[in-house]
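Report on one structure; see the data block that follows.
The values are calculated or read from the model by the stated rules, or taken from the named source; none is laboratory data. None of these values were measured; they are calculated from a predicted model. Here Cβ is always computed from backbone atoms with ideal geometry, including for glycine, and neighbour counts include all displayed protein chains.
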Amino acid sequence: MKFWKYQGAGNDFVMLDQRQHRWLTRENTEKIAWLCDRRFGIGADGLILLENRSGYDFEMIYFNADGRESTMCGNGGRCIAAFARHLGIIGQHGRFWAIDGGHEAVITAKEQDDSGETGIRWWVELKMSDVQNIEREGNVFILNTGSPHYIRFENEVQQLDMVREGRTVRYSDRFKNEGINVNLVHLNADGSLNIRTYERGVEDETLACGTGVTAAALASCLYRGMESGQAEIPVHARGGDLAVRFTLNKNGTVSDIWLCGPATLVFEGEIQI
């Protein structure tokens, strides 16, 4: 089986092209978990199937590292858009279907910089689903940006035990059945954010989470007292820098949400399954 490995801000994914041959199905939970295992398989935060979809350029089917199909993955969506361009399915613009509906992507070549990264790099801007409801209690926000997120603003996040903090919330009485992604966020003086994320399904801290970055950016405007208007928020994850631009509406909903950042082809290969 041929595969491709992509990463976006340190979030890494195994990609399979299933337009002509179906290598895996939703029932192959153990096999997908094995492919994502960092010691016995390829190693990744998740695995993504690219398949045909009527009315769209392709469909994205996303699995967490535990092998279970999951909700929308923002960085995975950016990476599969770059993968689709690599395969020649789309050009600079593309439309694909994911578990939370249709998405648009804009892909442009990214100039090499001093980050030390190698491989084919793209800058991908992904349109996310609108957000209708944001729950707030003090410095805690709960919202769904394609996946459910718990956002808590802290004075400092780098020295916290992220796995302990994340598991305390994720396995609390309210969230233990369905799970939730846990994000601890620091608002910098310039309006940018530092973020750390514990992801359900991976059950560990990841270097970045696209839907978490999106959720944090939206919550930060409410945290600062913004009532409506357009914004673009830089977000510094442990695996790299991303940006989120959006429109906060007067009725509290958020629309025209775009998650922006790099996507890199790390390597491709073949593995027996």
* Is there any pair linking a residue in the stretch 40-62 that is more than 21 Å from G201 (Cα to Cα) and in the same structural domain as G210 (by TED's automatic domain parsing) to one that is of a type in the set (A, V, I, L, M) and surrounded by fewer than 17 Cβ atoms within 10 Å (Cβ to Cβ), with Cβ under 9 Å and at least six apart or on different chains, and which? -> none
* **Filter result for E51 (closer than 21 Å to H93 by Cα, of a type in the set (D, E, K, R) and over 13 Å from the mean Cα position of the chain (by Cα))** => yes
* Which of the following residues is among the small types (G, A, S), out of contact with any strand residue (DSSP E or B) (no Cβ under 6 Å at 6 or more places or on another chain) and surrounded by 17 or more Cβ atoms within 10 Å (Cβ to Cβ): G252, G240, G201? -> G240
* Only one of (1) over 30 Å from S54 (Cα atoms); (2) crowded, with 17+ Cβ neighbours inside 10 Å is not met by N155, so which one is it? -> (2)
* **Selection status of E232, at pLDDT 95 or above and surrounded by fewer than 18 Cβ atoms within 10 Å (Cβ to Cβ)** => yes
* Taking T145, is it at pLDDT 95 or above, of a type outside the set (G, A, S) and in contact with a helix residue (DSSP H, G or I) (Cβ under 6 Å, 6 or more places away or on another chain)? -> yes
* Please state which of the following conditions L160 fails to meet, knowing it meets all the rest: (1) within 23 Å of Y223 (Cα to Cα); (2) buried (at least 19 other Cβ atoms within 10 Å of the Cβ); (3) among the aliphatic types (A, V, I, L, M). => (2)
* To do: Consider R85 carefully, then state whether it is buried (at least 19 other Cβ atoms within 10 Å of the Cβ) and at pLDDT 95 or above.
  => yes
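For the stretch 184-199, how many residues are touching a helix residue (DSSP H, G or I) at 6+ places or on another chain (Cβ under 7 Å) and farther than 18 Å from G8 by Cα? Steps first, answer last, please.
Taking the stretch 184-199 first, the residues touching a helix residue (DSSP H, G or I) at 6+ places or on another chain (Cβ under 7 Å) are 184-185, 187, 193, 195-198.
Now drop any that are not farther than 18 Å from G8 by Cα, which leaves 184-185, 187.
Residues in the stretch 184-199 being touching a helix residue (DSSP H, G or I) at 6+ places or on another chain (Cβ under 7 Å) and farther than 18 Å from G8 by Cα: 3 in total.
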